[in-house]
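The values are calculated or read from the model by the stated rules, or taken from the named source; none is laboratory data. These numbers come from a predicted model, not from an experiment. Cβ coordinates were reconstructed from backbone atoms using ideal geometry, including for glycine residues, and neighbour counts include every protein chain displayed. Side chains are part of the model used for accessible areas, which takes the heavy atoms of the whole protein and leaves out ligands, DNA and RNA. Shrake-Rupley method; radii C 1.70, N 1.55, O 1.52, S 1.80 Å.
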Amino acid sequence: LAAEMLNLSHFSGTQVVGSVRAENAGILFTSIPYTGNWRATINGEKADIIAIDGAMSALSLPAGEFIVEFRYHNCAFTIGALISLGSLLIFAAFQLFRKFKI
């Protein structure tokens, strides 16, 4: 594991970017929790994240050098934003109704 580590070039709460050189094809194991909200790319192309024991994220890599990127995307954020927008529109409609007694 220590011989072929992911060398981080950028790290934040929603993004992890690094490079790795794999001598042989195998699995790149990470300590990123497997939540279903992370998306991964290898050299800019979408990659499937493998759940290790349902808890940690990993990627399948062939031999070679790669730039790996993980991005966090909260799926519930979009739903929450739409619900909030809908609630705001309903509130505005009630206020207009009350003001103009339509």
Exercise. Quick one: net charge of residue 16's neighbours, Cβ under 15 Å, K/R +1, D/E -1?
Worked result: +1
Problem set entry | Net charge over other residues, Cβ less than 15 angstrom from the Cβ of residue 66 (K, R count +1; D, E count -1) | -4
For this session: Treat each spin label as a single point 7 Å out from the Cα along the C-beta direction, and report the residue 52 to residue 65 distance in nm.
Result: 2.5 nm
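What does the C-alpha gyration tensor say about the overall shape of segment 43-83? Classify as rounded when a/c is under 1.5, otherwise prolate if a/b is larger than b/c, or oblate.
On the way: a/c = 4.25, a/b = 1.87, b/c = 2.27.
It is oblate, given that a/c is not under 1.5 and a/b is not larger than b/c.
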Exercise. What angle do you read, to the nearest 10 degrees and between 0 and 90, between the alpha-carbon axis of helix 75-100 and the longest principal axis of the chain?
Worked result: 10 degrees
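Around residue 4, under 10 Å between beta carbons, what's the net of Lys plus Arg minus Asp minus Glu among the other residues?
Values: positive: 21; negative: 23.
So the surrounding residues net to 0.
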Exercise. Out of 79, 52, 27, any idea which swings most in a Gaussian network model of the chain, alpha carbons joined below 10 Å?
Worked result: 79
For this session: Would you tell me the accessible area of residue 12, worked out with a 1.4 angstrom probe on the heavy atoms of the protein chains, in Å² to the nearest 10?
Result: 40 Å²
Exercise. Of 74, 59, 20, which is farthest on the positive side of the dipole of segment 13-79, counting Cα position, with +1 on Lys and Arg Cβ, -1 on Asp and Glu Cβ, and the Cα centre as origin?
Worked result: 74
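Give, in nm to one decimal, the length gained when the segment between residue 74 and residue 91 is fully stretched (0.36 nm per residue of separation minus the Cα-Cα distance). Intermediate results must be reported in sequence, preceding the final value.
On the way: separation 17, 0.36 × 17 = 6.12 nm, distance 2.63 nm.
Gain on extension, residue 74 to residue 91, equals 3.5 nm.
Using a 10 Å cut-off on Cβ atoms, rank the peptides 39-45, 65-71 from the highest mean neighbour count down. Show your work: numbers first, answer last.
Details: 39-45: 13.4, 65-71: 16.9.
With the highest mean Cβ count within 10 Å placed first, the list reads 65-71, 39-45.
Defining a contact as two alpha carbons under 8 Å apart and six or more residues distant in sequence, what relative contact order in percent does the chain show? Present the calculation step by step, with values, prior to reporting the outcome.
Details: 151 pairs, mean separation 28.3, N = 102.
Answer for the chain is 28 percent.
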For this session: Could you tell me which of 90, 40, 5 has its Cα farthest along the dipole of the chain towards the positive end, charges placed at Cβ (Lys, Arg +1; Asp, Glu -1), taken about the Cα centre?
Result: 90
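Charges at C-beta only: +1 for Lys and Arg, -1 for Asp and Glu. How large is the resulting dipole of the chain about its Cα centre, in Debye rounded to 20? Show your work: numbers first, answer last.
Numbers: 7 positive and 7 negative charges, 212 e Å.
Dipole about the Cα centre, nearest 20: 1020 debye.
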